[in-house]
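Participant: Take a look at the following structure, please.
The values are calculated or read from the model by the stated rules, or taken from the named source; none is laboratory data. None of these values were measured; they are calculated from a predicted model. When we count neighbours, we look across all protein chains shown, and the Cβ atoms used for this are built from the backbone with ideal geometry, even at glycine.
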Amino acid sequence: MIEERAVVTETGRGYVWLDIQRRTACGGCEAGGGCGTATLAKLWSGKRLRVRALSELPLQPGDAVVVGMADGILLRGALLAYLLPVVLLLVGALLGRAAFAAAGEEPVVLSGLLGLGLGFLVVRALARRFRDDPRYQPAVLRRTSATAVQAHVISSS
């Protein structure tokens, strides 16, 4: 289970809106000063992410909680969002090359772009399909003390 600390900002029936501090692993790395990823991470440091999570706990705005997701869900979502469009781009380009071999590069590029567009449409349709499925949504696991969240947020910057 992937867990993260958050603060409740808004409550609803069966769900809450959470405010999560964005963090990176760059703080513990020895090469942080000369790393391009560390430089990019500084741009996002301190920014907060607003997330909707399922919750059956009686929570109020300002409560500190731990939110979690199943281990494989995040990986599957990333593969779906990033890999599927690229695979369909390549399939489209290969099909265009086979179908329009004598026509030059333009039809190959266009068929590749059509495959990429189809990939984005498939990802969008699947995201809408899974949007309300509780298996693919973060859930509040437990309430924590507010001082633990404050100390955690301060120490990560």
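Participant: Based on what the data block shows, is L54 surrounded by 12 or more Cβ atoms within 10 Å (Cβ to Cβ), modelled with pLDDT of 85 or more and over 29 Å from V123 (Cα atoms)?
Facilitator: Here the answer is no, as L54 does not meet what is asked.
Participant: Going by the conditions given, is A64 aliphatic (A, V, I, L, M) and in contact with a Ser or Thr (Cβ under 6 Å, 6 or more places away or on another chain)? Quick ask: steps written out before the conclusion?
Facilitator: On the way: aliphatic (A, V, I, L, M): yes; in contact with a Ser or Thr (Cβ under 6 Å, 6 or more places away or on another chain): yes.
Yes: the conditions hold for A64.
Participant: Separate question: Quick check on my filter: what residues within region 78-116 are more than 19 Å from R129 (Cβ to Cβ), of a type in the set (G, A, S) and in a helix (DSSP H, G or I)?
Facilitator: Answer for region 78-116, where residues must be more than 19 Å from R129 (Cβ to Cβ), of a type in the set (G, A, S) and in a helix (DSSP H, G or I): G92, A93, G96, A98, A99, S111, G112, G115.
Participant: While we're here: Of all residues in region 110-122, which are in contact (Cβ under 8 Å) with a residue 12 or more places away in the chain, within 9 Å of L89 (Cα to Cα) and either loosely packed, with under 15 Cβ neighbours inside 10 Å or touching a strand residue (DSSP E or B) at 6+ places or on another chain (Cβ under 6 Å) (or both)? Let's see the steps before the verdict.
Facilitator: Filtering region 110-122 down to residues in contact (Cβ under 8 Å) with a residue 12 or more places away in the chain leaves 110-116, 118-120, 122.
Checking which are within 9 Å of L89 (Cα to Cα) leaves us with 111-116, 118-119.
L113 - this is the single residue of region 110-122 that is in contact (Cβ under 8 Å) with a residue 12 or more places away in the chain, within 9 Å of L89 (Cα to Cα) and either loosely packed, with under 15 Cβ neighbours inside 10 Å or touching a strand residue (DSSP E or B) at 6+ places or on another chain (Cβ under 6 Å) (or both).
Participant: Kindly provide the set of residues from region 134-157 that are loosely packed, with under 12 Cβ neighbours inside 10 Å and at pLDDT 80 or above, ordered by number.
Facilitator: Those that are loosely packed, with under 12 Cβ neighbours inside 10 Å and at pLDDT 80 or above: P134, R135, R142.
Participant: Could you tell me whether V67 is hydrophobic (A, V, I, L, M, F, W, C) and modelled with pLDDT under 85? If you could, list the steps in order and put the result at the bottom.
Facilitator: Details: hydrophobic (A, V, I, L, M, F, W, C): yes; modelled with pLDDT under 85: no.
No, not satisfied.
Participant: Within region 66-90, track down each residue that is free of Cβ contacts under 8 Å to residues at least 24 places away in the same chain and hydrophobic (A, V, I, L, M, F, W, C). I'd like the intermediate steps shown before the answer.
Facilitator: Filtering region 66-90 down to residues free of Cβ contacts under 8 Å to residues at least 24 places away in the same chain leaves 72, 75-76, 78-79, 82-83.
L75, A78, L79, L83 - these are the residues of region 66-90 that are free of Cβ contacts under 8 Å to residues at least 24 places away in the same chain and hydrophobic (A, V, I, L, M, F, W, C).
Participant: In addition: If I ask for residues that are surrounded by 14 or more Cβ atoms within 10 Å (Cβ to Cβ), of a type in the set (A, V, I, L, M, F, W, C) and within 25 Å of W17 (Cβ to Cβ), which ones from region 71-94 would you list?
Facilitator: I73, L80, A81 - these are the residues of region 71-94 that are surrounded by 14 or more Cβ atoms within 10 Å (Cβ to Cβ), of a type in the set (A, V, I, L, M, F, W, C) and within 25 Å of W17 (Cβ to Cβ).
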